[in-house]
Amino acid sequence: MSEIGLVGLAVMGQNFALNVAEKGFRISVYNRSPAGTEAAVGRANKEGLDGNLIGFDNIPDFVASLQKPRRVMILVRAGAPVDAVIETLSEQMEEGDIIIDGGNEWYENTERRKELVAKKGLLYMGMGVSGGEEGARNGPSMMPGGSKEAYAPLEHMLAKVAAQVDDGPCVTYIGDGGAGNFVKMVHNGIEYGDMQLISEAYDILRVIGGASNEELSQTFSDWNKGELESFLINITSIICAKPDDKGEGYLVDKILDKTGMKGTGKWTVQQAAELSVPAPTITASLDGRFTSGLKEERVEAAKFYEQLGVAEPSVAESPDDKAALIDDVRQALYASKICSYAQGMALIRAKSLEKEWDIDLGSLARIWKGGCIIRAVFLDRIKQAFGRKADLPNLLVDPEFGADIAARIPAWRRVVQRAVAAGIAVPGMTASLAYFDAYRRSRLPANLVQAQRDFFGSHTYQRTDMEGWFHTVWDESFGSADTATTSAYNN
């Protein structure tokens with residue numbers, strides 16, 4: 001009998017199944033297309049894991065092959081395909097059996113499904129899995145949420161399958177309902193921000209600094225040995241130096257500047273708006289992807305403005321201050337990355353309070369230290385920050401991160417100023433700097449916005465020198481009411 005079953009053998013599913021088998025657990029697998037099952041079994045045979053990975057061509061036999069309580073993980077496309085698999089599995093499974101959805105699912109769908117299968121006595125979990133193909137095969141970061149009762153029979157297995165770091169496996173129970181999916185969604189939003197910021201650093205060094213691909217690769221490699229050490233910095237170094245196997249030059253220079261996406265970044269920004277949590281770095285990264293999609297319009301806009309005497313930024317000759325520029329960009333990138341992670345953590349904190357999930361933000365930072373796409377050396381410091389103060393409202397007010405940012409402000413401002421002067425869009429770095437500058441100010445110009453709202457809509461306002469809500473007739477010629485008619489305007 002198998003200890004776990006897996007439905008869905010595309011890239012992630014197949015690699016995850018092989019990972020489970022390699023860790024010594026017997027796993028049954030099923031794919032809607034028999035070719036997928038055959039491919040997984042074939043790989044298991046080649047890797048000497050055929051004794052632990054068993055393929056099935058129908059759901060009844062697949063379910064019957066599992067130990068009780070049966071544990072089945074689903075790795076199929078989010079949405080309707082998941083519902084279809086759940087319906088089929090539910091017909092074969094019994095009370096106390098467990099279904100785990102390991103895809104990038106909308107958290108409310110997980111909560112709905114948890115309630116649906118509970119009527120049949122089944123337990124349900126939504127588990128975020130990060131790390132891509134390599135992580136799935138060798139050890140991902142996993143974020144299981146949903147029924148806590150379901151986690152206990154899975155914990156020993158997930159702990160071995162997960163990536164391993166100095167303080168344990170990269171998996172922990174996140175919280176009830178859709179907590180696991182929500183956290184994975186925000187993880188991906190942070191990932192969007194991180195990738196945008198790195199691409200901006202690359203653009204500045206390439207255009208303003210005149211850096212060659214070899215120099216870019218070496219710079220990112222050097223950065224990966226210090227405070228910026230991370231998976232994304234590491235692969236950027238590799239990408240910059242990769243020769244084009246279909247022509248001369250480097251492959252990255254031949255790739256179309258048009259970014260794809262799968263929706264989790266958009267969901268993150270939508271949730272930030274719903275919760276009134278500012279997430280400008282993540283939002284800027286999403287806007288960056290939207291703008292990249294306007295390739296044809298951008299090409300025409302470049303021609304249009306060239307005729308008006310506004311040329312595109314041109315790659316500079318190697319400047320005399322290249323070393324200083326590289327160091328400034330390193331500091332600006334680090335400070336901006338802190339803002340991206342701070343926004344993601346603040347968003348998770350807000351949702352956890354709303355849903356009473358009681359998410360441990362320090363534990364999240366710990367399980368993101370290995371296996372996942374945003375793994376970075378400074379995640380250990382984020383874990384320590386929440387260890388010092390569990391209810392820390394924002395990483396920007398942690399003493400250590402605060403000191404880091406304060407020391408990098410001059411370089412951060414120089415980089416943004418140079419980019420703007422050169423006509424290079426750096427929406428991520430600019431948004432991060434603006435987020436920091438707004439968050440650290442005790443008084444913002446929102447007082448004027450409130451006055452405007454009261455002027456045209458009698459929305460009322462509060463004062464700094466007395467309690468209560470007030471309304472003013474700012475100019476009688478505009479017909480403003482002389483009294484506020486409802487407290488509902490106070491928002």
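The values are calculated or read from the model by the stated rules, or taken from the named source; none is laboratory data. Computed from a predicted structure; not experimentally measured. In this analysis, Cβ positions are derived from the backbone assuming ideal geometry, glycine residues included, and neighbour counts consider all displayed protein chains.
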*How many residues does the stretch 200-225 contain that are closer than 15 Å to I239 by Cα, part of a loop (DSSP other than H, G, I, E, B) and of a type in the set (D, E, K, R)?*
0
*Residue list for the stretch 63-84, filter: farther than 22 Å from R137 by Cβ, buried (at least 21 other Cβ atoms within 10 Å of the Cβ) and either outside the structural domain of M127 (by TED's automatic domain parsing) or touching a residue at least 40 places away in the same chain (Cβ under 8 Å) (or both)*: V63, L66, R70
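Residues are listed down the side, and each one gets a yes or a no for (1) under 14 Å from E191 (Cα atoms); (2) under 26 Å from the mean Cα position of the chain (by Cα); (3) of a type in the set (D, E, K, R):
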{"site": "L256", "(1), (2), (3)": "no, yes, no"}
{"site": "T268", "(1), (2), (3)": "yes, yes, no"}
{"site": "S276", "(1), (2), (3)": "no, yes, no"}
{"site": "I282", "(1), (2), (3)": "yes, yes, no"}
{"site": "V299", "(1), (2), (3)": "no, no, no"}
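Let's see how each residue does on (1) outside any loop (DSSP other than H, G, I, E, B); (2) at pLDDT 95 or above; (3) within 17 Å of L154 (Cβ to Cβ); (4) of a type outside the set (S, T, Y):
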{"residue": "G5", "(1), (2), (3), (4)": "yes, yes, yes, yes"}
{"residue": "L18", "(1), (2), (3), (4)": "yes, yes, no, yes"}
{"residue": "A21", "(1), (2), (3), (4)": "yes, yes, yes, yes"}
{"residue": "S28", "(1), (2), (3), (4)": "yes, yes, yes, no"}
{"residue": "G36", "(1), (2), (3), (4)": "yes, no, no, yes"}
{"residue": "D50", "(1), (2), (3), (4)": "no, no, no, yes"}
*When both residues are 6+ apart or on different chains and their Cβ atoms are under 7 Å apart, which pairs have a first residue that lies in the stretch 272-295 and is in the same structural domain as P393 (by TED's automatic domain parsing) and over 16 Å from P427 (Cα atoms), and a second that is part of a loop (DSSP other than H, G, I, E, B) and among the small types (G, A, S)?*
A272/A279
*Would you check which residues across the stretch 459-470 are assigned to a loop (DSSP other than H, G, I, E, B), closer than 17 Å to A446 by Cβ and of a type outside the set (D, E) and list them?*
H459, T460, R463, T464
*Could you list all residues from the stretch 407-440 that are hydrophobic (A, V, I, L, M, F, W, C), under 26 Å from A302 (Cβ atoms) and surrounded by fewer than 18 Cβ atoms within 10 Å (Cβ to Cβ)?*
V420, A421, A422, I424, A425
*Which of the residues belonging to the stretch 143-199 are aromatic (F, W, Y) and touching a helix residue (DSSP H, G or I) at 6+ places or on another chain (Cβ under 6 Å)?*
Y173, F182, Y192
*Can you tell which of D244, D253, D222 is of a type in the set (D, E, K, R) and touching a residue at least 12 places away in the same chain (Cβ under 8 Å)?*
D253
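Which residues, counting only those in the stretch 427-448, are more than 32 Å from the chain's Cα centre (by Cα) and hydrophobic (A, V, I, L, M, F, W, C)?
Hit for the stretch 427-448 is L448, nothing else.
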*Kindly indicate the residue of the stretch 91-101 that is crowded, with 16+ Cβ neighbours inside 10 Å and more than 26 Å from the chain's Cα centre (by Cα) and also modelled with the lowest pLDDT among those meeting that condition.*
Q92
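L364: in the same structural domain as A407 (by TED's automatic domain parsing) and under 20 Å from P140 (Cβ atoms), yes or no?
So L364 fits the description; yes.
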_Candidate set: the stretch 226-244, residues that are in a helix (DSSP H, G or I) and of a type in the set (A, V, I, L, M); chosen: the one nearest to F290 (Cα to Cα)_ = L232
*Among residues belonging to the stretch 120-162 that are farther than 23 Å from E356 by Cβ and assigned to a loop (DSSP other than H, G, I, E, B), point out the one that is modelled with the lowest pLDDT.*
G131
*Single match in N45, N15 (criterion: without any contact (Cβ under 8 Å) to a residue 24 or more places away in the chain and either out of contact with any Ser or Thr (no Cβ under 6 Å at 6 or more places or on another chain) or not assigned by TED's automatic domain parsing to the domain that holds D97 (or both))*: N45
*For G371, are the conditions met, namely being touching a residue at least 12 places away in the same chain (Cβ under 8 Å), of a type outside the set (D, E, K, R), buried (at least 23 other Cβ atoms within 10 Å of the Cβ) and not in a helix (DSSP H, G or I)?*
yes
*In the stretch 18-51, what residues are small (G, A, S) and within 20 Å of V82 (Cβ to Cβ)?*
S28, S33, G36, A40
_Single condition E400 does not satisfy, out of (1) outside the structural domain of V329 (by TED's automatic domain parsing); (2) at pLDDT 95 or above; (3) of a type in the set (D, E, K, R)_ = (1)
